[in-house]
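Q: Below is a structure I'd like to ask you about.
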Amino acid sequence: MTPSLHVVAATMPIERSSADGWRFVADGLVDGVRSLTEQRIGGWIAPARGPGDRLLRTAPLGSRLAPLVPVEIPEPVALAVAGSRRGPAWPADRSSPSLESRAAVEFARLLAHRAARSCAPHDAVWVHGDALLAVPSILAGLRPGIRVGLSLDGTLDVGWSTPSPIAPLVAAGLGACAVVAVPTAGDADRIRSFVARYGGTEPPATVVAPTSIDPTRLVPSPSVPGRPGRDRHLGSGHRRLVVALDRSDRSSGILERLRAYEIALDRSGIDPARVDIVELTTATGGSTRPPTETVEIERRMFALNSGRQRTDGSVPVEVRLDPVGRDEALALLASAEVAIVTPRRHGDERVAKEFAILAEATAGALVLCERTSVAVELGGDAVLVDGLDPASIADGVATALRATEPDRRRLAARRARTVRGWTARDWARTVVSSLSTPLEHATIPLA
């Protein structure tokens, strides 16, 4: 029998898009696995989010219809995991309370046990995501002969240098992997150091292969149901549109950006009558924004717009705290003159790459946090800022708005060329080939 590849992920690849339809989730892993047309996918194993995940039994992934394997996660465990994700340092970060650490282990155990039951002796398992760092260790104990690969889609931070009760389990899991795919060379170094310190084993082979997107599937809907004020952003043409997408989990950087907008409007010469700044919120894996942060956002937004109301009754900064649909988010990104990607920790790398493709035709400028992994790929053709420093963000927005159209077009074309030179297909094929071939530490050259 042909060996199969089993995927263990934090979410299912399919979501309900309307009352009578389904669509693939916008995700680099989904794009990558869909592109593996020669690969037999033995199953997609992920937590069940709701009744919809239990209705669909298969999805077209790889070379055929692949089984979808939803795993029931007890509600207390799911809530603890969704509420505690801090970026790739979690759950190795020592700041994780013991309850969250226990939830992380139980979360990983349930997924690993289901993967172990699904695999034939010569199959391989691809584990993806920072919430699943403990899965490889547990799976290796259950099925010692199975080759396991792990991929992370965000850069690792200082949490990897700090101890935690489950650091040895995470280190053992990393050490049990045939390969670990990371976005930057610095991440590979940190993983090797972490495993050497806490695992007591040989570090895994690492491959520098950042996640990406499938540009051919990135088509904003030409007709999106409007919301109040949407036509102003997309149709008026008399104001310059600045868009930032915020995540509802703890990688959120909205508070720093709101302060940056205040600085930009007060000190950077940006005319509030000539700019629309729109903050959109995207849902992330069940994570929700802490109520205290929501209150602070509303307070700052009121103070920011106070005294800046325009003659048509609008205000220069609009914050949408309720998650927006993907079609509307893409439509706004495609119309933006400036996009801002400044998460506190990893996250939103996909947004930067999607904007790189969408802005090719419109010559949009990208303001990008220098701490993100995608800055390694796109930073040379973006305005780099410190995402934790509002003054730096404000200066970056002002610089992007002052850029000449020829400069914007040149940088937009280069960003799009970079993304098309390393797609989700390239990333997925690299991970899969690394799983099947003995590998030393390697770096994949990027276009």
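Q: Sort Trp126, Trp22 by Cβ crowding within 10 Å, fewest neighbours at the top.
A: In increasing order of surrounding Cβ atoms, one gets Trp22, Trp126.
Q: How many nm separate the modelled label positions at Phe302 and Glu202, each set 7 Å beyond the Cα in the direction of the Cβ?
A: According to this spin-label approximation, the distance is 6.2 nm.
Q: Rank these for me by crowding, Leu241, Leu388, going from fewest to most other beta carbons within 10 Å.
A: Leu388, Leu241
Q: Under the 0.36 nm per residue contour assumption, what length would be gained going from the current alpha-carbon distance of Glu75 and Thr2 to full extension?
A: Extra length from Glu75 to Thr2 when fully extended: 22.6 nm.
Q: Using a basic spin-label model with each label point 7 Å from the Cα along Cα→Cβ, how many nm lie between Ser433 and Leu65?
A: My value for the distance between the label points is 3.2 nm.
Q: With a point put 7 Å past each Cα toward its Cβ, work out how far Ala185 is from Arg267 in nm, to one decimal.
A: In this crude spin-label approximation the distance works out to 3.6 nm.
Q: Can I ask one more? Mind listing the long-range amide H neighbours of Val385? Cut-off is under 5 Å, sequence gap 5 or more, other chains count too, H placed in the peptide plane at 1.01 Å from N.
A: Leu368, Cys369, Glu370
Q: Can you check what the net charge comes to around Ala116, using other residues whose Cβ is under 11 Å from the Cβ of Ala116 (Lys, Arg +1; Asp, Glu -1)?
A: So the surrounding residues net to +3.
Q: Between Arg40 and Ser193, what's the calculated FRET efficiency when r is the beta-carbon distance and R0 is 35 Å? Round to 0.05.
A: The pair Arg40/Ser193 has a calculated efficiency of 0.45.
Q: For the range 385-439, what does the alpha-carbon gyration tensor say about shape, rounded, prolate or oblate, given a ≥ b ≥ c as the root eigenvalues, a/c under 1.5 as rounded, and a/b over b/c as prolate?
A: oblate
Readers should treat all values here as calculations from the given coordinates under stated rules, not as data from a laboratory. Predicted model, so just to flag it, every value in this text is computed and none were measured. All Cβ positions, even for glycine, are placed from backbone atoms using ideal geometry, and neighbour counts span all protein chains on display.
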